[in-house]
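Contents: one structure, followed by commentary.
The values are calculated or read from the model by the stated rules, or taken from the named source; none is laboratory data. Every value quoted in this text rests on a predicted model; they were computed, and no experiment measured them. Cβ placement follows ideal geometry from the backbone for every residue including glycine, while neighbour counts extend to all protein chains displayed. Areas reflect the complete protein model, heavy atoms only, side chains present, ligands, DNA and RNA absent. Shrake-Rupley method; radii C 1.70, N 1.55, O 1.52, S 1.80 Å.
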Amino acid sequence: MSWAINLILILMVTGAVAWGFRFVGQRVTGNKPFYRDMPFAIAFGYVFGVVVIVGAMLYYFQPIDNKGVPSSGVVFFRWAVQGFMSFAVAAYLFRLIGRHVGTEGTRKLFRTMPLTAAFGILVIIIYAVVSIFAGAIAPFGQEEIFANANIVPGGNPLLGGNPEFPLGTDQIGRDIYSRLIYGAQNTVGIAFATTCLAFFVGGSLGFLASIVGGWLDQLLSRAVDVLMAIPALIFALLLMTIASVWSNQLGIDRTMFMILIIAMIDSTRVYRLSRAVGQNIVVMDYIEAAKLRGEGMGYLIFKEILPNAMAPLLAEFGLRFCFVFLTIASLSFLGVGIQPPLADWGTMVKDLSQFINFAAFAPNVATAPLLAASAIALLTVAVNFVVDWMLHKSSGLKE
Amino acid sequence: MVEQLLKIRNLKIEGRSDEIWNPIINGIDLDLKKGEVLGLIGESGAGKSSVGLAAMGFTRDGCRISGGSVEFDGVDLVTASAAVKRSMLGKRIAYVAQSAAASFNPAHRLLDQHTEAPVQHRVQSRSESELDGIELYQRLRLPDPDNIGFRYPHQVSGGQLQRAMTAMAMSCRPDLIIFDEPTTALDVTTQIEVLAAIRDIVEQFDTAAIYITHDLAVVAQMADRIKVLLRGDEVEEADTRSMLSDPKEDYTKSLWAVRSFKRPSKPAVLKGTMPIVSLKNVSAAYGKSPVLFDVDFDIHAGRTVAVVGESGSGKSTAARCITGLLPPSQGHIEFNGEALPLDYRKRSKNQLRQAQMIYQMADTALNPRSRIGDIIGRPVQFYSGLTGTAKRKRVEELLVQIEMEPSLYTDRLPGELSGGQKQRIGIARALAAEPQFIICDEVTSALDQLVAEGILRLLAQLQDDLGLSYMFITHDLATVSAISDEVVVMKDGCVVEQGPKAEMFQPPHHPYTDLLLSSVPEMNPDWLTTLLKTRGVDNIGDAAVKKM
């Protein structure tokens, strides 16, 4: 129970300090509005923030080695902080370069960009480059098997590493570093293609339903309701099982079926959004003017509605891309997605997942499955940062 | 000496756009005594609303008060703490917004929202405040004051909602109320009720008020003094009477002169001429509820027919029948003597081209993501098949016709234009089809008076040059008298009266026409008082309509 008493003590001391902080602030600055109108909760927040930062710094400088046993918590925490710092610095430098290189337009874009968006764009560019030039960057092939299996990441021979394989090898001796790079190509490429297909199908049908209305709208919307009522992952699993039989009979690659199935399931969500957005746009007078001019459906959808629906659709594209990406990883993890020996991040997490049990006493060993997982997490976070920024820009909000 | 209530000195407000602070108000002084009503007028963008909000020590998002002081009863609201401001707002200073429909919370009953401020400020208990609310509703002459408070905002009409909002502002008996265009969104007949109610209650409780509007005739009824603003600067300030009779500055004079535009009437149409458009016994319904009954009128070549009536009278529905958006349930529409297909989808390209439309809200009528050149160029290309240089030349011609410089505007987006310019683009888009007939649906009602006058002059000019016919839908009789040749008065989906303009503005009228005509505010400060006397104070508006 001592930790609970400690916590209460810390909170009480923090509260007292917060009160004092505000009081001193008011006296020293001669009652500036900043301190005068500060509620106690805000003052508490400031002081609590300082306490948390100090606590984190103390924890950061704890010894890694506790009488021969590595203290994993500190190790992982250091990695996290170092990773965070280096990404922040990289994003800052990237934005700095963007502000001084390029055309007037891009420079202005970079001047108004928050650091999170710069980080997101940087990560997306890196992923794109890596997946396009995977063959040139990766030191080994994704299917190459070496004699040494289960080499620990880190490259330190004392801890079971090997400098030749900086991120180690997996359970059958394939280079994890190379497979991560090829995984970018497979997983990200397939996810991108799937999302584009989902948007093309869902977007066109959604706008069509919003313009035509009536029975077509009813028919499409109810069909979408039915599809949405089935849990997406289970539905995808079911369809993939059926597709695996068909792919053997028809000789079509199973990945094709996966793209079609996930695109179909996700297009229902896109349909919902684009129909709702479209319905707000079709009531505008400029649509009425175009209809009265005698314009056709294609012109209405692509020239009048689409440009005005771009902002919410782009935001949804970012989110949807993450979901599709995670669905592919989940399906691969469950064994019906991208098939071995093709490298895929979901499969890689699954194959090495047993190593997570070593986390308590061998941090380096436990890293093996986390590498692919963090590659997924990083892209998801980056895409969301960029989407947030685009939404903010298109909503016309300043500051 | 009457007590000084509000003292604004050298107020400066800035707004942030593109990372720069731009001045909105450049140093305005304002004084208000207890119980006095000050009218603030100016065109949109003059900073009227910003000054009104600043009188509460408040600015819109993205704006800041960058200098000066706002002293309310000795307290400077610019530097006052949040707690001090909170104790004043709602209790001593209240605000009535332009759109009551958008300002009420649709999920709560009127009376529940009414009691919020008094309970919050501990002025009254909830039950006291409810009784007080009912009394205020009575004084504001709301129908059924005992029960109207238990309705939700969507269950009462716009004019009633505006009065309920005034009652809400009165709930703590504030010393100052800021009215921000409270009647701009209302019909003339409804406007009178609200004006009379506001004026009475402000007098009864001796409340000071700042009345913001762009309608001079309205402010003449309400205010003791008038202050004219132009782009963040004060033009002049004077007593209402002296300001109306003897404005000093050129800008004020130009505001006063707006209503003087009248085009000469054309000679009467010869009997037996073929009309361009003619509605033959048209009835129409939205779903199962009928809205138009046996409407029958003609529009002749080169003429302007004004269709007048309050909202809900079926003016716009008649236009929708002509365009084919709402196929009539009975009757038909003839164009140059030929019956048009009822549904627009069945009409030929040429039939569609002949009848064009200009909309009330230029904001929603122009695609915000298309450039001006494309907006005008599309109908040019669509109907005449011109492309490339020929199309660009035609677009430039059209821009010159609407008096806008082609090199400046072709590549702009609608968002980069002012309201009047957007409306001109709407006109150009209609002209691009080279029509014979244009429907103008309340084209000037969303615009400032000076800008609106410019649009009317342009439309008149175009009619003379191109021989166009207009169907001019409006609820503003000043516009009717300015531009029309013939007038059709509509009420509840029926044509009440129709004829040449000269006849329509001479008695005897149909009683409804009379009500409409007498409801148009005049620039005479005694107009409202006199009118209420002739109508009998207790049966303004609602009652007057019911009697017929």
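Using the alpha-carbon atoms, what tilt in degrees (0 to 90, nearest 10) does helix B:188-204 show relative to the longest principal axis of chain B?
It works out to around 10 degrees.
With all protein chains present, calculate the accessible area of residue B:321 using a 1.4 Å probe and round the result to the nearest 10 Å².
0
What is the sum of charges, Lys and Arg at +1 and Asp and Glu at -1, for the other residues whose Cβ falls under 13 Å from the Cβ of residue A:228?
+2
Tell me, what is the percent relative contact order of segment A:2-60, built from C-alpha pairs under 8 Å that lie six or more residues apart?
Here the relative contact order equals 37 percent.
Treat each spin label as a single point 7 Å out from the Cα along the C-beta direction, and report the residue B:128 to residue B:408 distance in nm.
The modelled label-to-label distance comes out at 6.0 nm.
Between residue A:215 and residue B:464, take the C-beta separation as r, use R0 = 30 Å, and let me know the FRET efficiency to the nearest 0.05.
On the way: r = 49 Å, r/R0 = 1.63.
Efficiency for this residue pair is about 0.05.
Suppose each label sits 7 Å from its Cα in the direction of the beta carbon; what would the residue B:246-residue B:3 distance come out to in nanometres?
Here the modelled spin labels are 3.4 nm apart.
For a test of the definition: using alpha carbon positions, the gyration tensor, and the 1.5 limit on a/c, classify segment B:195-303 as rounded, prolate or oblate.
oblate
Protein chains only, probe 1.4 Å: how do B:179, A:323 rank by accessible area, largest first?
Values: B:179 0, A:323 105 Å².
Listed by decreasing accessible area, they come as A:323, B:179.
Out of A:157, A:13, A:384, whose Cα points farthest toward the positive end of the dipole of chain A (charges: +1 Lys, Arg; -1 Asp, Glu; placed on Cβ)?
Of the listed residues, the answer is A:13.
So how much accessible area does residue A:75 have, in Å² to the nearest 10, using a 1.4 Å probe?
For residue A:75, solvent-accessible area is about 20 Å².
Where in segment B:73-109 does accessible area fall by at least 10 Å² between the isolated chain and the complete protein assembly, at a 1.4 Å probe radius?
Buried by 10 Å² or more upon assembly, which counts only protein chains, are B:79, B:81, B:82.
Before I look further, what does segment B:26-71 give for accessible area per residue, probe 1.4 Å, in whole square angstrom?
34
Which lysines, on any chain, are close to residue B:227 with Cα under 22 Å apart, when same-chain ones fewer than 8 places away are left out?
B:7, B:12, B:33, B:34, B:48, B:248, B:253
Between residue B:491 and residues 5 or more places away or on another chain, which pairs have amide H atoms under 5 Å apart, with H built 1.01 Å from N, and which residues are they?
For residue B:491, whose amide H was placed from the backbone, the distant partners under 5 Å are B:496.
For a Förster distance of 56 Å, can you work out the FRET efficiency between the beta-carbons of residue A:230 and residue B:83, rounded to the nearest 0.05?
That pair, residue A:230 with residue B:83, gives E of 0.55.
Hey, with R₀ at 41 Å, roughly what FRET efficiency would residue B:44 and residue A:133 work out to, going by the Cβ-Cβ distance, to 0.05? Walk me through the numbers before you get to the answer.
Working: r = 56 Å, r/R0 = 1.36.
Efficiency for this residue pair is about 0.15.
Anything over 21 Å Cα to Cα? Flag those among B:271/B:501; B:315/B:349; B:280/B:315, in the order listed. It would help to have the intermediate numbers written out before the result.
Details: B:271/B:501 17 Å; B:315/B:349 25 Å; B:280/B:315 15 Å.
From the list (B:271/B:501; B:315/B:349; B:280/B:315), the Cα-Cα distance tops 21 Å for B:315/B:349.
Taking the Cα centre of chain B as the origin, how large is its charge dipole in debye, to the nearest 20, when only Lys and Arg (+1) and Asp and Glu (-1) carry charge on their Cβ atoms? Let's see the in-between values first.
Working: 61 positive and 71 negative charges, 303 e Å.
That gives a dipole near 1460 debye.
Give me the percent of accessible area attributable to carbon and sulfur for the protein assembly as shown, probe 1.4 angstrom. All intermediate terms of the calculation are to be shown ahead of the outcome.
On the way: 26760 of 44290 Å².
It is 60 percent, rounded to a whole number.
Anything in chain A that counts as a DSSP H helix reaching 18 Å or more along its axis (C-alpha) with Kyte-Doolittle mean of at least 0.0? List them, would you?
Helices meeting the span and hydropathy rule in chain A are A:2-28, A:40-60, A:72-100, A:115-132, A:189-212, A:214-229, A:232-250, A:254-282, A:306-334, A:363-394.
How many Cβ atoms of partner chains, on average, are near each residue of A:292-305 if near means within 10 Å of its Cβ?
For this peptide, the per-residue mean of nearby foreign Cβ atoms is 4.
Normalising by the residue count of chain B, find the relative contact order in percent from Cα pairs under 8 Å and 6+ residues apart.
15
Using a 10 Å cut-off on Cβ to Cβ distances, tally the other chain neighbours for every residue of B:162-174 and report the average as a whole number. Mind dumping the intermediate values first?
Details: counts 0, 0, 0, 0, 0, 0, 0, 0, 0, 0, 0, 0, 0.
Averaged over the peptide's residues, the number is 0.
Which percent, to the nearest 5, of DSSP beta bridges fully inside chain B are antiparallel?
Once the DSSP bridges in chain B are tallied, antiparallel ones form about 55 percent.
Note down the relative contact order for chain A as a percent, whole number, built from C-alpha pairs under 8 angstrom at least six residues apart.
Dividing the mean separation by the residue count of chain A yields 17 percent.
Of A:248, A:213, A:196, which is farthest on the positive side of the dipole of segment A:161-262, counting Cα position, with +1 on Lys and Arg Cβ, -1 on Asp and Glu Cβ, and the Cα centre as origin?
A:213
Please give the calculated 222 nm ellipticity per residue for the protein assembly as shown, where each DSSP H segment of at least 4 residues contributes -39500 (n - 2.57) and the sum is spread over every residue; nearest 500 deg cm²/dmol? Display every interim value, and only then the final one.
On the way: 40 runs with 500 residues, N = 947.
Value at 222 nm, helices only: -16500 deg cm²/dmol.
Starting from the Cα-Cα distance between residue A:56 and residue A:361, subtract it from 0.36 nm times their residue separation and give me the gain in nm to one decimal.
Extra length available between residue A:56 and residue A:361 comes to 107.6 nm.
Compute the angle between helix B:126-139 and the longest alpha-carbon principal axis of chain B, please, reported from 0 to 90 degrees and rounded to the nearest 10.
Long axis of B:126-139 versus the principal axis of chain B: about 50 degrees.
When the dipole is taken about the Cα centre of the protein assembly as shown, and only Lys, Arg (+1) and Asp, Glu (-1) are charged at their Cβ, what size is it in debye, to the nearest 20?
Charge dipole, the protein assembly as shown, about its Cα centre: 1680 debye, nearest 20.
Running a GNM on chain A with Cα contacts under 10 Å, which residue among A:20, A:251, A:296 ends up with the highest mean-square fluctuation?
Maximum among the listed residues: A:20.
Angle check, please: helix B:158-170 long axis (alpha carbons) against the longest principal axis of chain B (alpha carbons), in degrees 0 to 90, nearest 10.
Value to nearest ten degrees: 10.
Treating only the Cβ atoms of Lys and Arg (+1) and Asp and Glu (-1) as charged, compute the dipole magnitude of chain A about its Cα centre; round to the nearest 20 debye.
I would put it at about 1260 debye.
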